[in-house]
Amino acid sequence: MISVRLPDGSIRQFEQAVTVADVAASIGAGLARAALAGRVDGVLVDTSYLISKDVDLGIVTDKDQDGLEVIRHSTAHLLAYAVKTLYPEAQVTIGPVIENGFYYDFAYKRPFTPEDLQAIEQKMQQLAKQDVPVTQRVVSRDEAVAFFAGLGEKYKAELIEAIPSADDIKLYTEGEFTDLCRGPHVPSTGKLKHFKLMKVAGAYWRGDSNNEMLQRIYGTAWAKKEDLDAYLFRLEEAEKRDHRRLAKQMDLFHLQDEAPGMVFWHPKGWSLWQNVEQYMRKRLSAAGYKEIRTPQIMDRTLWEQSGHWQNYRENMFTTDSEKRDYAIKPMNCPGHVQVFNQGLRSYRDLPLRYAEFGACHRNEPSGSLHGIMRVRGFVQDDAHIFCMESQVIEEARAFNLLAMSVYKDFGFTDVAIKLSLRPPKRAGSDEVWDKAEEGLREALRACDLEWEELPGEGAFYGPKIEYHIKDAIGRSWQCGTLQLDFVLPERLKAEFVAEDNSRQRPVMLHRAIVGSLERFLGILIEQHAGSFPFWLAPVQAMVLNITDRQGEYATEVAHRLQEQGFSVDTDLRNEKITYKIREHSMQRVPYLLVVGDKEMEAGVVAVRNRKGEDLGQLSIDELVNRFKTDIADRS
RNA sequence: GCCCAUGUAGCUCAGCGGUAGAGCACUCCCUUGGUAAGGGAGAGGUCACGAGUUCAAUUCUCGUCAUGGGCUCCA
């Protein structure tokens, strides 16, 4: 007898070994139809899995998160099946599940066109409708290699060869198509209903840019039609928030061919920028940072000394003059060490915190540029803390508090922490790296934070803590960073006089909170979909007159608000009030102040907020109070 | 840097082997209208750049640049 315990605790007994599908059928016909896979003692298996001993069993359906994964994974296989049917010469490689869907990489003699994509999707639909059974068999590794090599599938054979020869390998077959896979898969293609192919893109074989480029087809798949529709709708909504699109609509900035990756800021965009920069400046100043300014261009020898020339030469903009080579600074840190090195420092001066909103330039590969999210010319809220080792943890703790508080002010509350550890290409001894990595772990523990560790992702001079913030539509952005560096102070010969009168190296903490201002503004634009909170809005209020008669009064109202430090414009054009309201509503101005004869006589304004609500008539003083409250609330 | 797609008026986009079109925006005129588009007229383009094919190229081909989507990279 075999006992199968179900998630509700009930136990079913069977005379002999049964499959997951059999158990589902014994419970009900509906469940048998819905079964996509099984969970046997916590392990996902196919519905054809034979249960031959007592187990805990859950039937996985599309209501299950695991069920959705199975659907996506099986849809990737269906994609490969369709491609092999239409283009038998195409070679299959890998097809994993990703967020919201899946992809599959193929090698083919010519690129897939958008028309091919349509044909492939149609073929997938057709194969799904035919409800082709998906069967599984286990073979030895050598058999599997021979099988795929025989088919001329060299990528697949290469993948399998990497598996230990003693291991068994699962092959899944649907119709004419057989693929290597650890599974599980849906029992037949008819379970796959709600999918869509999204795009074709190039992708390197095994993710290595030295390898040939394959063609990746991305797709999305869902359990229900409503889920698919909702996902496509979300994509459309995200597109409406696109910072490039909003920047055009709201006249914030532009990019042009002559300056790839470098931003032309328009008045309103720059106003937004200044709101962020001035805010950061205040926060840094209050936290004991001193702002400095260092040169844009410095001699090659300095960059050789710092190690940047050796590590990043091809990504640095350089220039020369009178037989000297120069580099345009890609980072502020070497400059900051030069300031530190002026004069003799005492341990009493430490920690010394230098901040700079310095414009840096990095010659990023052309293909990686992206709006203002990835640029070649950028400014960070950059600072370097020179301190003693004994001060690192306290500095890290203070930085963490500051960073979290800044994120909160900008409306970001979901922040994930990651710790990037030593990369293969690095400066400094292993001993120093051990010390630096452990130092940051200790700092994180002191902040009572949870973090994820990323081996190999650190900077060449030191490990780093990264702050990833999640935006309004669930995307994650790395903004803040705290990097512990024993290497640059050594290379650039920073030193201070210790208590015992010896000369010692300071430790350097590289840190930023919002990171690249360009990118952070892009994030803010998308986070708020252009409807910036009052304290950040480039134009906080517009005064609109109803007829020419109130033009002078409208100007006076604007002046009085401007005197109080608010960014207020007037729209005195000869247009109907409905027209002006529409236009400035679309510009997402927080407050529209309408003045007609009534308001002019009473010395007030009629206030309309961005939601379209009528806030009634307010005096200028009342309005100023309201504005001040909004600023204090950061709403 | 690599793969694919795209580049037409300020913006969004049609179009096409015979040297260009719409809507919005802009300018002028009429209209002075009370909470999301009043009416009329006008101006505006070396069709990204360079070369080739052709009697003729914005249109076809190739190259360059840029942008977009990915991959790689991101001190």
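Every number in this text was worked out from the coordinates using simple rules, so none of it is lab data. Remember, it's a predicted structure, so these values are computed and weren't measured experimentally. Counting neighbours? That spans all protein chains shown, and the Cβs are built from the backbone with ideal geometry, glycine included.
Quick one: angle between helix A:577-586 and the longest Cα principal axis of chain A, in degrees between 0 and 90, rounded to 10, please. That works out to roughly 60 degrees. Full extension of the chain between A:GLU322 and A:ARG5 yields a length gain of 105.8 nm, computed as 0.36 nm times the residue separation minus the alpha carbon distance. Remark: spin-label model distance A:ARG441-A:ASN315 equals 2.7 nm, labels positioned 7 Å along the Cα→Cβ axis. Put in order of Cβ neighbour count within 10 Å, fewest first, the listed residues A:GLU314, A:GLU89 become A:GLU314, A:GLU89. Legend: calculated FRET efficiency, A:GLU431 to A:ARG234, from the Cβ-Cβ distance at R0 = 41 Å, rounded to 0.05, equals 0.25.
Counting only trypsin sites (Lys or Arg not before Pro) that DSSP places in a loop and that have at most 15 other Cβ atoms within 10 Å, the longest clean stretch of chain A runs over A:324-424. Taken along the Cα-to-beta-carbon direction at a fixed 7 Å, the label points for A:ASP349 and A:ARG33 span 7.9 nm.
With respect to chain A, whose longest principal axis is taken over its alpha-carbon atoms, helix A:620-633 is tilted by about 40°.
The angle between the Cα long axis of helix A:551-563 and the main principal axis of chain A comes to about 80°, on a 0 to 90 degree scale. Shape class of the range A:1-127 from the alpha-carbon gyration tensor: prolate, with a/c at 1.5 or above and a/b greater than b/c. For the range A:479-635, the relative contact order works out to 19 percent when only alpha carbon pairs closer than 8 Å and six or more residues apart are counted.
Of all lysines in the structure, the ones whose alpha carbon falls short of 21 Å from that of A:LYS470, not counting any fewer than 8 places away in one chain, are A:LYS240, A:LYS408, A:LYS418. With a ≥ b ≥ c the root eigenvalues of the C-alpha gyration tensor of chain A, is it rounded (a/c under 1.5), prolate (a/b larger than b/c) or oblate? Taking the square roots of the gyration eigenvalues as a ≥ b ≥ c, chain A is oblate.
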